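Let me begin by presenting the structure, written as structure tokens, before commenting on it.
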Protein chains: 2
Amino acid sequence: MFRSHTCGELRLTQAGSSVTLAGWVQTVRKFGAITFVDLRDRYGITQLVFNEGFNQQLDENPLGREFVLQAKGTVIERSNKNPAIPTGEIELEVSAFTILNKSAVPPFTIQDDTDGGDDIRMKYRYLDLRRNAVKKNLELRYAVNRSARNYLHENAFMDIETPFLIKSTPEGARDFVVPSRMNQGQFYALPQSPQTFKQLLMVSGYDRYYQIVKCFRDEDLRADRQPEFTQIDCEMAFVEQEDILNMFETLIKRIFKDVKHIDYTDAVERMTWEDAMWQYGNDKPDIRFDMKICTLKKPSTVYFNKQDHATLINDAGFVVFDAAESVMAIAVPGGATFTRKQLDELTEWVKRPQIGMKGLAYIRYNEDGSLKSSIDKFYNEDRLKGIAAASGAHPGDIVLILAGAEERTRKATSELRLEMGKQLGLRKEDEFKLLWVLDFPLFEYAEEENRWVARHHPFTSPKPSQIQTMIENDPLIHDAANYLSHPYAQIKANAYDMVLNGNEIGGGSIRIFQRELQEKMFAALGMSEEEALHKFGFLLGAFEYGAPPHGGIAFGFDRLCSILGGSESIRDFIAFPKNNSGRDVMLDAPSSIDEKQLVELGIGVRDEG
Amino acid sequence: MFRSHTCGELRLTQAGSSVTLAGWVQTVRKFGAITFVDLRDRYGITQLVFNEGFNQQLDENPLGREFVLQAKGTVIERSNKNPAIPTGEIELEVSAFTILNKSAVPPFTIQDDTDGGDDIRMKYRYLDLRRNAVKKNLELRYAVNRSARNYLHENAFMDIETPFLIKSTPEGARDFVVPSRMNQGQFYALPQSPQTFKQLLMVSGYDRYYQIVKCFRDEDLRADRQPEFTQIDCEMAFVEQEDILNMFETLIKRIFKDVKHIDYTDAVERMTWEDAMWQYGNDKPDIRFDMKICTLKKPSTVYFNKQDHATLINDAGFVVFDAAESVMAIAVPGGATFTRKQLDELTEWVKRPQIGMKGLAYIRYNEDGSLKSSIDKFYNEDRLKGIAAASGAHPGDIVLILAGAEERTRKATSELRLEMGKQLGLRKEDEFKLLWVLDFPLFEYAEEENRWVARHHPFTSPKPSQIQTMIENDPLIHDAANYLSHPYAQIKANAYDMVLNGNEIGGGSIRIFQRELQEKMFAALGMSEEEALHKFGFLLGAFEYGAPPHGGIAFGFDRLCSILGGSESIRDFIAFPKNNSGRDVMLDAPSSIDEKQLVELGIGVRDEG
């Protein structure tokens, strides 16, 4: 062993001990004849003192930043202690040292505030990983991993490995495929998730399964998406939705406790998908703050049980609201004091292409109870008061109103709400709020193909009370214009998403476990019997031999870590991430391969054009 | 929850309790008006009793094998107890039941001794996984996983995930490749191991890394090899070989303790590669028994420090030995009593194509001290005694002698030794003997290309004392006939294999961490500077910035589990294995994919012929 102790370990109680340390040179400082070196390793930093006897040796072999050094010596008490670091009361009086390896000058500084840009840090990822900020992220990731495994183990879950070279059954996202040399012209696929395997394990009686496992999706990468990502993947048999919710909210609370030392004692809130969409404009609401959306006007939509407040805005001759498909408002607390300039900026903000609205109306609800609005030409004070009241505004608030096509307006209002929450400091980084979103629609309507699409995935069960509706009705949509009146439109999924601070961190469902129902699902998705058998014959077969009721969940491990670490970017929590073009710039991968390899695999690269 | 208890949980102390169980019908037996059902789940079997009141219901809905059943009732004491199972003192008096799912008659019986052949069990793997024998294997696998993680965690190792979509750098085995849609004409490779990444993590200062991780090799599959397999992959910085040996023999001992409840208190034996080859004929000797090989004659070979006993057999006019490149013997304890028939069978055995010898000579060393030999025409009793003594034979033993080309003869003698060990019951299933094999040659000679090949891999360091030999000498072999006198031929690797009962369960090395030495290694392997930079530029670059001394090891997780489980086959320890053609017969993968997918990926399938 090149060391007797780590650089984070020595304390005053060890003064007088002879020790050997090894690590990287963080800094070299010379005071008179004495040289001080901060030596760094994974565990901390220890100050080394080279007295003047070493000056010749140090002149001949000067120490540079990031040199790898082994130093023997005696632990002594420091005269000027450094309370900022755990080893700050001691230093090592060096008696001998060896340069284990030299270092060129790094292309950026290995410090919390590095001078390196994104690209250079990715190319030299092995140096970026030395920075404390990145190291803390990977340590957090490992702590989450460990905590999850411990909890799942204690609850009788078994880690069972599922295969990576599987069958391509593209459904939703694209598969990455792997040409088979031994079966030429045929391909494996890399799993988008171990979904069908974990279900088979339930059929096999394994009862409680988990895996922390890599998954693959060949999607066009948006910012902060990775072609390979990690899931905490779980499945249980003989359970209902309530059992899963209890088991896995406790898992997340355990992770809070183990990793963040937070006692999350509150009950986890629950909300239907319809309420989430209606009140927050999206299916992963950030409930750290209120500011709910008030729908003043909506078309006939999938929100079957919701009523708008159209009477509040109708018949006023305001052509913008009259012509709009929908109109929505939020009441911003304390917003009555917004300046003209602030309102102009907000108007510009909603007109940005990412938001895409035409303008922003407002009603200022002053502290004195008076109202001032951009639309008071059309609405008298009483009517404005009515709108303000419906929006939940109090004196001192401002009501912001957006109008336009339903889906875009709901999304824009949701974004505006989040932006206002941010501006008002309501989205606190150290506050964590969990939420279950429940009762998703089982299907979405695919207009182009005039068929149903599984909102979650094709293995999700409808609510128990709606299984008969699904089995007894023809899944085909014969009247495209009125697809909302098809009996399938109202079927809710036995599915659940876990949301943390406005991010979906996990999702799952109770699964179909009856062959008849599964076949009906495949038919609803436009799959022929033949296609269903070709792709999922093994699963349909398994359902013939005593499949138990079961369900599960998968957590996005990268995302969960980034939220717990207080970062927007999952890349900061992955040791060797890919960039937005799916490239590993350090490896320079993907890359061309030898023609010989292609020939062996029985494939060729197509000519462009 | 569909159950209050599992089928393995109830005991006599719970008699009188109302409980709900759920599981699979193992057997249905009717005694008069009473029906007994054995209900099975992952945890055990509980007997259910349906009294005559259920007869009508059971007639209308008969229970079949593998039906999924939920039963409510009262725990009662059994009159005829079954001491063979933990729940054998009680039974459940059923008050109500629900058939949760029916089952077709399974294609084979779900029992330890199943009537299903290999193929049918692989096709219906989800049913095979229900069998107790397979379940025990996966439970053992999880226990090994858990034990390894706990030990490594306690020793400050961090689980850090490395990427699966990497760069193709075929070196030894073939890579599986993944066409990139976003970078057309380019390919990722699936990792054969995380080797370079774990080394980069050491450069990054992570110091102690581990992962239990899937790896991929596109090799022609021999029996019991899988295209995807799992490694326990570890790396440490600031260590020497001795540190690694200590750390990881303790890991394996811990696994013995946790999983097999075996206190492995013996020191782990160590042997040089040269001794292993010389004494046992292979580099993974089974040291549960002795029966060492005696080399009577050898050509000038890589066993630089070994002497044969040629004087014992030379000048006897025995043309077979005289013409043979090498002659080797083993003394089989108690073998003097072998019958003529047994010796004929052994002769046939060594003549099988897999062994490939031309014949078998023997010297019977009778209990009374007399000798009888198949070659006593050429050797008098004194000479026979000399050969017997050199082979380590005692009265009562038999000496078996093989002659032929060196490599084949050594291998054949090794196989014969193992076969004799098996026949004599010396390879006990419940005895575990660990061994470190050390001091491998760093290089092997590739005759066709007249260059060196890395025996372990190109990142393995030579012994510290031989680094200068490697750096100072030209790696090119200018005199092919005398390659053994090239200075590189004698360089030993700083590498180690862990052997358990004749199986290599892990291997690793101290790594090169100096750019100059790594470049020399690449050159020795016939790589041009340009090629080395193209393939491994990131690693050579990393060595510029303060790479610490480091080393590691990887254990073959599948193999380790199979040995601990007492099985020859790793497939029995993999939930969803592939067959010898690399196919998953349950999924029917690999399979053809849509032309649309191929076009998107920019590749095509070559026409045959």
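Position residue A:11: other-copy label points at 4.3 nm, ordered by increasing distance, label point 7 Å along Cα→C-beta. Other residues within the sphere of radius under 12 Å centred on the Cβ of residue A:230, judged by their own Cβ, net out at -2 (K and R +1, D and E -1).
Shortest first and in nm with one decimal, please list how far the residue A:472 label point sits from its counterparts in the other copies (point 7 Å along Cα→Cβ). Label point to label point, same position, other copies: 9.2 nm.
Identify the trypsin sites (Lys or Arg not before Pro) of the range A:173-232 meeting these criteria: DSSP loop state and at most 11 other C-beta atoms within 10 Å of the C-beta.
Details: sites: A:174, A:181, A:198, A:208, A:214, A:217, A:222, A:225; in loops: A:174, A:181, A:217, A:222, A:225.
Those that pass, being in a loop and sparsely packed, are A:222.
For the protein assembly as shown, the calculated P(r) over all alpha carbon pairs, in 20 Å bins from 0 to the bin holding the longest distance, is 9, 31, 34, 20, 4, 1, 0 percent.
When only the Cβ of Lys, Arg, Asp and Glu is charged (+1, +1, -1, -1), the dipole of the range A:1-102 relative to its Cα centre reaches about 220 debye. Positive-end ranking of B:475, B:543, B:502 along the dipole of the range B:469-554, with charges on Cβ about the Cα centre, is headed by B:502. For chain A, the longest principal axis of the Cα atoms and the long axis of helix A:241-255 meet at an angle of about 30 degrees. Rounded to the nearest 0.05, the FRET efficiency derived from the C-beta distance between residue B:79 and residue B:58 at R0 = 22 Å is 0.55.
Scan the range A:285-383 for trypsin sites (Lys or Arg not before Pro) in coil per DSSP, keeping those whose Cβ has at most 12 other Cβ atoms within 10 Å, and list them by number.
Numbers: sites: A:288, A:292, A:297, A:306, A:340, A:341, A:351, A:358, A:364, A:372, A:377, A:383; in loops: A:288, A:292, A:306, A:358, A:377.
Filter output for the range A:285-383: A:358, A:377.
Taking θ as phi - 60° and the Karplus parameters 6.51, -1.76 and 1.60, the scalar couplings of the range A:367-384 work out to 3, 7, x, 6, 10, 9, 9, 6, 10, 6, 5, 9, 10, 6, 4, 4, 5, 4 Hz in sequence order, x denoting glycine and proline.
For residue A:551, neighbours were defined as the other residues whose beta-carbon sits under 11 Å from its Cβ, and their charges (Lys and Arg +1, Asp and Glu -1) total -2. The angle separating the long axis of helix A:132-154 from the principal Cα axis of greatest extent in chain A is about 60 degrees. Taking each of A:198/A:253; A:198/A:535; A:214/A:284; B:284/B:372; A:135/B:214 in turn, the alpha-carbon distance tops 26 angstrom for B:284/B:372. For the range A:103-115, the Karplus equation 6.51 cos²θ - 1.76 cosθ + 1.60, evaluated at θ = phi - 60°, returns couplings of 9, 5, 5, x, x, 8, 7, 8, 9, 4, 9, 7, 8 Hz by residue, with Gly and Pro reported as x.
Calculate the FRET efficiency for residue B:219 and residue B:588 from the Cβ-Cβ distance with a Förster distance of 30 Å, rounded to the nearest 0.05.
0.85
In a fully extended conformation the segment linking residue B:484 and residue B:453 would gain 9.8 nm over its present Cα-Cα distance, using 0.36 nm per residue. Restricting the range A:230-318 to chymotrypsin sites (Phe, Trp or Tyr not before Pro) that sit in a DSSP loop and have at most 15 other Cβ atoms within 10 Å of their own Cβ leaves A:304.
Within the range A:568-609, whose backbone N sits under 20 Å from a point 7 Å along Cα→Cβ of residue A:184? Only A:593-607 pass the distance filter. Per-residue ellipticity at 222 nm, computed for chain B from helices alone with -39500 (n - 2.57) per DSSP H run of at least four residues, works out to -8000 deg cm²/dmol.
Charge dipole (Cα centre; +1 on Lys/Arg Cβ, -1 on Asp/Glu Cβ; no other charges) of chain B amounts to roughly 1400 debye. Other residues within the sphere of radius under 12 Å centred on the Cβ of residue B:186, judged by their own Cβ, net out at +1 (K and R +1, D and E -1). Model label points for residue B:394 and residue B:408, set 7 angstrom from Cα along the Cα-to-Cβ axis, are 3.6 nm apart.
Taking the Cβ-Cβ separation of residue B:72 and residue A:240 as r and a Förster radius of 22 Å, what is the calculated FRET efficiency to the nearest 0.05? Each step should come with its number before you reach the end.
Working: r = 16 Å, r/R0 = 0.73.
Using R0 = 22 Å, I get an efficiency of 0.85.
Got a sec? How would A:262, B:512, A:375, A:570 order by Cβ neighbour count within 10 Å, fewest to most?
Numbers: A:262 15, B:512 26, A:375 18, A:570 22.
Ascending Cβ contact count within 10 Å gives the list A:262, A:375, A:570, B:512.
Taking a cut-off of 13 Å, what percent of all Cα-Cα pairs in the range A:478-545 are separated by more than that? Everything past 13 Å amounts to 75 percent.
Once fully extended, how much extra length lies between residue B:429 and residue B:111, figured as 0.36 nm per residue of separation less the alpha-carbon to alpha-carbon distance? Mind dumping the intermediate values first?
Numbers: separation 318, 0.36 × 318 = 114.48 nm, distance 2.32 nm.
Result: 112.2 nm gained on full extension.
Fully extending the segment from residue B:358 to residue B:136, taken as 0.36 nm per residue of separation minus the present Cα-Cα distance, adds 75.5 nm. Inter-copy label distances at residue B:450, shortest first and taken from points set 7 Å along Cα to Cβ: 7.5 nm. Counted by neighbouring Cβ atoms within 10 Å, the residues A:162, A:250 run from fewest to most as A:250, A:162. Distant-in-sequence amide contacts of residue B:297, defined by a placed amide H-H separation under 5 Å and a gap of 5 or more residues or a different chain, comprise B:309, B:327.
Semi-axes, largest first, in whole Å: what does sqrt of 5 times each Cα gyration tensor eigenvalue give for the range A:273-369?
Numbers: eigenvalues 101, 68, 47 Å².
The equivalent ellipsoid of the range A:273-369 has semi-axes of 22, 18, 15 Å.
With axes computed from alpha carbons, what is the tilt in degrees of helix A:406-423 against the longest principal axis of chain A, rounded to the nearest 10 within 0 to 90? Taking Cα atoms only, the helix is inclined about 40 degrees.
Phi angles across the range A:499-512 convert, under the Karplus curve 6.51 cos²θ - 1.76 cosθ + 1.60 with θ = phi - 60°, into 3J(HN,Hα) values of 10, 10, 6, x, 10, 6, 9, x, x, x, 6, 6, 9, 5 Hz, Gly and Pro given as x. Going by neighbour counts of Cβ atoms within 10 Å, the residues B:99, B:401, B:212 line up, fewest first, as B:99, B:212, B:401.
Size check on chain B: the Cα extents along the three principal axes, sorted descending, read 92, 75, 56 Å.
All of the numbers you see were taken from the coordinates with simple rules; none came from a lab. Owing to the predicted nature of the structure, the values given are computational and were not obtained by experimental measurement. Every residue, glycine as well, gets a Cβ built from its backbone with ideal geometry; the counts of neighbours run over all protein chains shown.
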